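*Asks:* Before we start, here is the structure in question, set down as structure tokens.
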Amino acid sequence: MPFGYHGCYLRIDLSHNNVASRTGGGRVKQELVPLADTVLRQFIGGSGLGVRLLLDEGCAHLDALDPRAPLIFAFSPLVGSSLTTSAKFAVVSKSPLTDRINDSLASSGFAVAGKSCGCDAIVILGRAPEPSVLIIDDGQVRVESAADCAGMTCQATDTQLRSRLGNNFRIATIGPAGENGVRYATISHDGRHAGRGGSGAVMGAKNIKAIAVRGTQRTEWAHPREMVAISRDLSQRSFGPATAKYRELGTATNMLTFNRFGALPTRNFQSGAFDEAENLSAEQLGATRAKTRESCVTCTIGCEHLYATDNGAVRVEYESLFALGSLCGVGDADVVLRASQRCDELGLDTISTGGTVAFAMECVERGWLDAPWLMFGSGEALLRAIDEIGSREGLGRLLADGSRAAAHAIGHDSIAIAPQVKGLEMPGYEPRALQTMALGLAVGARGADHNRSGAYEVDFSDKVDRRHATLDSVRHAIDTEDRAALMDSLIICKFLRGVFDDFHGEMAAMLRSVTGWDVTPDELRDTAARIVAAKREFNLRAGWTPDEDTLPERFFDSPLPNDALAHLSRERLDALVAEYHRQRGW
């Protein structure tokens, strides 16, 4: 067995259990399943290992919310080390929103505590007979009733369970959205979320309100002195110019940049510029509100910026500001911050929430949906819609399944303006203005995604013309996708990507110091491509067809109103997608 691993995963079947009272402990069926060295080397950990285990379970044909469908928490060899940003875990499952692969990542002490239970991944199957908390205590598994947490927010659930179990447990929870089966519900820990694709709904379908972990089983490192030297050097570089914008302003700094480039999605992608963008900018928020900075566990960057509000501090990210702000035409910062906070409390993905609400707003505007209160620019309407989605009441019954499902229910060919790919709502990148990113969004295995494709970086470079993508753009898009797959499997934060002089060489040295493998840069390139291909294999088994690799019809109709040069034809995107498949060997 290589260093950095336990060499096994913990497989739990909730269908074979009796839930005990709060003070007891019902037992479940559990087994430690060995992991072959070859599997670990070929898929590493995190997203890569999670997808491999998902394929091994043979579940692609099942409904995502079927009790037999697995929910996987996957760690990595770097978890528990001193390497900066390495305290991360991946949540992998079939998505109830897209019916395709879903892998979401989060940073927190849950990763370290989970791996310390003596396993490299946790695979959960079945359904508990009543709302429960799954407790993994140094590898021993039990379930207890979570009846006292029913309907609680993510944060309240964490507080309640810490008072019961003790502060040395690390707890991942779902909010009311996950309990109510909202198909873009999140899994939360310490205010951070495994956010996209609805993993919270999968957890809720298993009647699991929370998972609590603690352990004492550490792994050893192959070359500890070398690893410490790499850690120190990487930490020092993480204070440099490549991460300065994240430290100083956070991801919210993108708001004004994207608006200036005409790439800020506004009013459900009807425009790429928002007149009130400055109200939501990091610069304006920082000038008008008290602000604190926080870091994830083991992170030296400190990109998290929390702004004071009347309802407490709110963690602010660009994607939340865009989705709940410009996309819905809302420029009132107080409302947008409250909306983001409310999504965190309910356990809702902010991007899918904003995308689905903005879509519904445009349907109302066009006379296709009878909800006159839901208007672009109305903060009151936005907050009401979020609450109705979280509870699946009123209009929330329609919107809780996402914009694609809502479009099919509304009719009027509204699917043409639903801002989604494969069912996953689009992030804050206008594809007509960023056409390499348009390709990345179209071919993404889990749908429209800025975390699995960094093609927007290429668009903002001098490598391509961002408004006129050519076939040469494809190799750059593939490279960003492969790099993301590697970082998501090691796992380290993508905010470090700019600090590396020799990306694959330094990744290889890092992995070698932890595992002892004599891994080469070329091997890691092959590993990344293998992981991307494994995601596609799952999708093929789940029913993927080539016509899914596209964008909504809206983006082919006309140029951006604010930028006549930003025009994307269907023929151009189809050619890019075909070339992407050719270069992938698919």
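The values are calculated or read from the model by the stated rules, or taken from the named source; none is laboratory data. Quick caveat, the model's predicted, so the values are computed rather than measured. Here the Cβ positions follow ideal geometry from the backbone for every residue, glycine too, while neighbour counts run over all protein chains shown. Ligands, DNA and RNA are excluded from the accessible area calculation, which covers all protein heavy atoms including side chains. Shrake-Rupley method; radii C 1.70, N 1.55, O 1.52, S 1.80 Å.
*Asks:* Between beta-carbons, use under 14 Å as the cut-off and find the net charge around D310, counting Lys and Arg +1, Asp and Glu -1. Intermediate results must be reported in sequence, preceding the final value.
*Replies:* Working: positive: R289, R338, R342; negative: D332, D334.
Taking every other residue near D310 into account, the sum is +1.
*Asks:* Return the sequence-ordered ³J(HN,Hα) values of region 517-530 in whole Hz as given by the Karplus equation 6.51 cos²θ - 1.76 cosθ + 1.60 applied to θ = phi - 60°, using x for Gly and Pro.
*Replies:* So the Karplus estimates, Gly and Pro as x, are 5, 8, 7, 10, x, 5, 4, 5, 4, 5, 4, 4, 5, 5 Hz.
*Asks:* Next question. Please report the accessible area of E393 (heavy atoms, 1.4 Å probe, ligands and nucleic acids excluded) in Å², nearest 10.
*Replies:* 110 Å²
*Asks:* Next question, about the same structure. Antiparallel DSSP bridges in the chain: what percent, to the nearest 5?
*Replies:* Of all bridge pairs located within the chain, approximately 80 percent are antiparallel.
*Asks:* Which shape class applies to region 59-181: rounded if a/c is under 1.5, otherwise prolate when a/b exceeds b/c and oblate if not, where a ≥ b ≥ c are the square roots of the Cα gyration tensor eigenvalues?
*Replies:* On the way: a/c = 1.61, a/b = 1.06, b/c = 1.51.
Oblate.
*Asks:* Enumerate the calculated ³J(HN,Hα) couplings along region 507-512 in order (Karplus 6.51 cos²θ - 1.76 cosθ + 1.60, θ = phi - 60°), each rounded to whole Hz, writing x wherever the residue is Gly or Pro.
*Replies:* Whole-Hz 3J(HN,Hα) from phi for region 507-512: 4, 5, 5, 4, 5, 5.
*Asks:* Label region 8-214 by shape, choosing from rounded, prolate and oblate, from the square roots a ≥ b ≥ c of the eigenvalues of the Cα gyration tensor; if a/c is under 1.5 it is rounded, and otherwise prolate applies when a/b is larger than b/c, oblate when it is not.
*Replies:* Since a/c stays below 1.5, the shape of region 8-214 is classed as rounded.
*Asks:* Still on this model: Once phi is turned into ³J(HN,Hα) by the Karplus curve 6.51 cos²θ - 1.76 cosθ + 1.60 with θ = phi - 60°, what whole-Hz value does each residue of region 496-505 show in order, with x for glycine and proline?
*Replies:* 7, 4, x, 8, 8, 7, 10, 3, 5, x
*Asks:* What is the sum of charges around T153, taking Lys and Arg as +1, Asp and Glu as -1, for the other residues whose C-beta is under 13 Å from the C-beta of T153?
*Replies:* For residues surrounding T153, the net value is -3.
*Asks:* Using a 1.4 angstrom probe with every protein chain in place, what is the largest-first accessible-area order of W586, W517, W373?
*Replies:* The ordering from most to least exposed comes out as W586, W373, W517.
*Asks:* What relative contact order, as a whole-number percentage, does the chain give when Cα pairs under 8 Å and 6 or more residues apart are counted?
*Replies:* Here the relative contact order equals 16 percent.
*Asks:* Next question, about the same structure. Farthest toward the dipole's positive end in the chain, which of T219, L264, L382, given Cβ charges of +1 (Lys, Arg) and -1 (Asp, Glu) about the Cα centre?
*Replies:* It is T219, whose Cα lies furthest towards the positive end.
*Asks:* Just one of [x] 31.3; [y] 23.1; [z] 25.3 is mean projected area of the Cα convex hull in nm² calculated from these coordinates, so which is it?
*Replies:* Correct label, based on the coordinates given: [y].
*Asks:* With label points built 7 Å along Cα→Cβ from the Cα atoms of A416 and E248, find their separation and express it in nm.
*Replies:* Once both label points are built, they end up 4.5 nm from each other.
*Asks:* Please list, ordered by chain and number, the residues whose modelled amide H lies under 5 Å from the amide H of H6; skip anything fewer than 5 residues away on the same chain.
*Replies:* D120
*Asks:* Cysteines of the chain lacking any other cysteine beta carbon under 4.7 Å?
*Replies:* C8, C59, C117, C119, C149, C154, C303, C328, C343, C363, C493
*Asks:* Of S81, G396, G331, which is farthest towards the positive pole of the chain's charge dipole, taken about the Cα centre with +1 and -1 on the beta-carbons of Lys, Arg and Asp, Glu respectively?
*Replies:* The residue sitting most towards the positive pole is S81.
*Asks:* Which order do K291, K88 take when ranked by solvent-accessible area (1.4 Å probe, heavy atoms of all protein chains), largest first?
*Replies:* Most to least solvent-accessible, the answer reads K291, K88.
*Asks:* Compare the Cα positions of F503, G516, F274 along the charge dipole of the chain (+1 at Cβ of Lys, Arg; -1 at Cβ of Asp, Glu; about the Cα centre) and return the one farthest towards the positive end.
*Replies:* Positive-most Cα among the choices belongs to G516.
*Asks:* Oh, and also: Enumerate the amide H contacts of N562 below 5 Å, restricted to partners 5 or more residues apart or on another chain; note that Pro and chain-start residues carry no placed amide H.
*Replies:* G272
*Asks:* Hey, another quick one. Do the alpha carbons of any pairs in K115/K291; K463/K494; K494/K535; K88/K245; K209/K494; K245/K463 sit beyond 26 Å of each other, and which pairs?
*Replies:* K115/K291; K209/K494
*Asks:* Given charges of +1 on the Cβ of Lys and Arg and -1 on the Cβ of Asp and Glu, with all other atoms neutral, how large is the dipole of the chain about its Cα centre, in debye to the nearest 20?
*Replies:* In debye, rounded to 20, the chain gives about 1280.
*Asks:* Using a 1.4 Å probe and counting only protein heavy atoms, arrange V474, V464 so the residue with the most accessible area comes first.
*Replies:* V464, V474
*Asks:* Considering only protein heavy atoms, what is the solvent-accessible area of H408 at a probe of 1.4 Å, reported in Å² to the nearest 10?
*Replies:* 130 Å²
*Asks:* Stretch R68-T470 to full length: gain in nm at 0.36 nm per residue minus the Cα-Cα span?
*Replies:* Gain in length upon complete extension: 140.3 nm.
*Asks:* While we're here: With +1 on each Lys and Arg Cβ and -1 on each Asp and Glu Cβ, how big is the dipole of region 203-266 about its Cα centre, in debye rounded to the nearest 20?
*Replies:* My answer is approximately 240 debye.
*Asks:* Rounded, prolate or oblate: pick one for region 239-425, where a ≥ b ≥ c are the square roots of the eigenvalues of its C-alpha gyration tensor, a/c under 1.5 means rounded, and failing that, prolate if a/b is larger than b/c, else oblate. Write down the numbers at each step before the final one.
*Replies:* Working: a/c = 1.95, a/b = 1.72, b/c = 1.13.
Because a/c hits 1.5 or more and a/b exceeds b/c, region 239-425 counts as prolate.
*Asks:* If you add up the charges near R260, with Lys and Arg at +1 and Asp and Glu at -1, over every other residue whose beta carbon is less than 15 angstrom from its beta carbon, what do you get? Could the numbers behind the result be given before it?
*Replies:* Values: positive: K245, R466, R467; negative: D275, E276, E278, E283, E430, D459, D563.
That sum, taken over residues with Cβ under 15 Å, equals -4.
*Asks:* Given the DSSP H assignment, sum -39500 (n - 2.57) over each helix run of at least 4 residues in the chain and divide by its residue total; what's the result at 222 nm in deg cm²/dmol, nearest 500?
*Replies:* That calculation yields -11500 deg cm²/dmol at 222 nm.
*Asks:* Using amide H atoms built in the peptide plane, which far-off residues or other-chain residues are under 5 Å from L78 H to H?
*Replies:* The answer is I491.
*Asks:* List the GluC sites (Glu not before Pro) in region 404-488 that DSSP assigns to loop (not H, G, I, E or B) and whose Cβ has at most 13 other Cβ atoms within 10 Å. Which are they?
*Replies:* Taking region 404-488 and a limit of 13 other Cβ atoms within 10 Å, no loop GluC sites (Glu not before Pro) are found.
*Asks:* May I ask for the distance between the Cα centers of region 244-287 and region 402-444, given as a whole number of Å?
*Replies:* 21 Å
*Asks:* Based on the Cβ-Cβ distance of D37 and D522, what FRET efficiency does E = 1/(1 + (r/R0)^6) give at R0 = 22 Å, to the nearest 0.05?
*Replies:* In this case the efficiency is close to 0.65.
*Asks:* How much accessible surface does I122 have with a 1.4 Å probe, in Å² rounded to 10?
*Replies:* 0 Å²
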